[in-house]
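A quick write-up on the structure given underneath.
The numbers here are math on the coordinates, done by the rules we state, and not lab data. All values derive from a computational prediction rather than experimental measurement. Here Cβ is always computed from backbone atoms with ideal geometry, including for glycine, and neighbour counts include all displayed protein chains.
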Amino acid sequence: MPEDTRTQPGPLALPGPWSMVAAGYSATTRQFLQTFSEAGLARLDFDHETQVIDIACGPGTTALHLAPFVSHITCVDFSTAMLDELRNAAASDGVANLEICEADGQDLPFEAGRFDVAISMFGLMFFPDRQRGFSEIHRVLKPDGQALVSSWAPVDRSPLTQLVMAALQPEGASLPPPPRPSGLELRDTFSQEMISAGFSDVDIRAVTRALDVSSPEQFWQDTVAGIAPVALMKNSMSEDEWASVEALAVKRTAERLGSWPTTLTSTAWIATARK
Ligand SMILES: C[S@@+](CC[C@H](N)C(=O)[O-])C[C@H]1O[C@@H](n2cnc3c(N)ncnc32)[C@H](O)[C@@H]1O
């Protein structure tokens with residue numbers, strides 16, 4: 001029996017926070033995350049016959065980039081606003097081989113064995129029942145189909161996340177909380193969960209990418225608009241409370257990084273596997 005990996009559903013297990021940041025995510029976060037998608041896609045085989053499913057697709061970070069090179073992509077997400085961003089971007093880019101489906105990635109409304117490639121970049125990592133998410137990916141793949149799944153590596157490998165956490169610490173708390181790797185942040189757990197779902201040839205690699213940052217103010221504007229946990233934090237405060245938290249975060253960011261423009265890196269685990 002595989003270990004039970006279900007977690008208590010937190011706020012990011014619901015569509016609301018993702019819909020709240022959909023426009024900002026599409027405008028800013030998407031460009032940075034696309035650099036990880038490109039690294040993952042470079043390890044897959046596909047051509048103009050390939051049928052793809054992108055689970056927890058967001059505004060189409062991976063799908064819009066991949067669409068010209070494959071036959072068809074089914075894009076699944078549970079956030080209506082994220083899917084609206086994708087629909088608008090596909091229309092303005094003239095991408096016609098996408099189908100948009102509002103559904104929970106833990107319960108895919110597709111028959112078994114339908115897709116050649118199944119992708120979940122920074123999506124399945126948020127599912128309260130990840131094992132169910134992996135099993136659903138496995139179920140909808142054709143025999144020998146390919147999976148591509150990513151998650152963030154532990155915080156100690158992400159100066160970007162460390163900076164955000166430290167800048168948002170309440171005043172008087174001298175150190176950010178210690179990194180607490182959980183779930184797919186642990187590479188062995190990631191690998192074990194894929195194997196338990198029935199995958200073979202599981203290959204998980206660290207990929208580091210740099211975000212260009214032009215100024216502390218711009219960095220925080222983009223972070224609040226496009227990063228769901230930070231938007232949730234803002235939403236839990238009064239306007240005045242948030243104004244002082246954000247002003248302190250901008251000041252700490254400027255002090256910590258010194259000169260601008262600069263770059264901040266983050267490391268992800270990117271897994272490929274076969275059914
Ligand atoms: C960090 S974004 C990643 C989006 C995109 N894959 C990318 O690489 O930029 C996480 C996405 O997962 C979606 N999501 C989270 N839990 C989900 C679930 N249970 N079912 C479907 N979508 C989910 C959110 O709505 C959001 O669009």
Fully extended contour minus Cα-Cα distance, from Asp93 to Phe69, at 0.36 nm per residue: 7.2 nm
Of all DSSP beta bridges in the chain, antiparallel share, percent nearest 5: 50 percent
Trypsin sites (Lys or Arg not before Pro) within segment 1-102, DSSP loop, no more than 14 other Cβ atoms inside 10 Å: Arg6, Arg43
Förster-model FRET efficiency, 30 Å R0, Ser196 and Thr80, C-beta, rounded to 0.05: 0.40
Spacing of the two label points (7 Å from each Cα toward its C-beta) at Arg205 and His48, in nm: 2.8 nm
P(r) weight above 27 Å for the chain, C-alpha pairs, percent: 39 percent
Cα-based helix-to-principal-axis angle, 80-93 vs the chain, degrees rounded to 10: 80 degrees
Å³ per residue enclosed by the Cα convex hull of segment 232-275: 123 Å³
Lys142-Ser236 FRET efficiency (beta carbon distance; Förster radius 45 Å; 0.05 resolution): 0.50
FRET efficiency, 1/(1 + (r/R0)^6) with R0 25 Å, evaluated for Lys251 and Ala13 via beta carbons: 0.15
Length-normalised contact order for the chain - Cα pairs under 8 Å, 6+ apart - percent: 23 percent
Length gained when the stretch Asp156-Asp212 is fully extended (0.36 nm per residue, less Cα-Cα span): 18.2 nm
Longest site-free stretch - the chain; sites: GluC sites (Glu not before Pro), DSSP loop, at most 16 other Cβ within 10 Å: 172-275
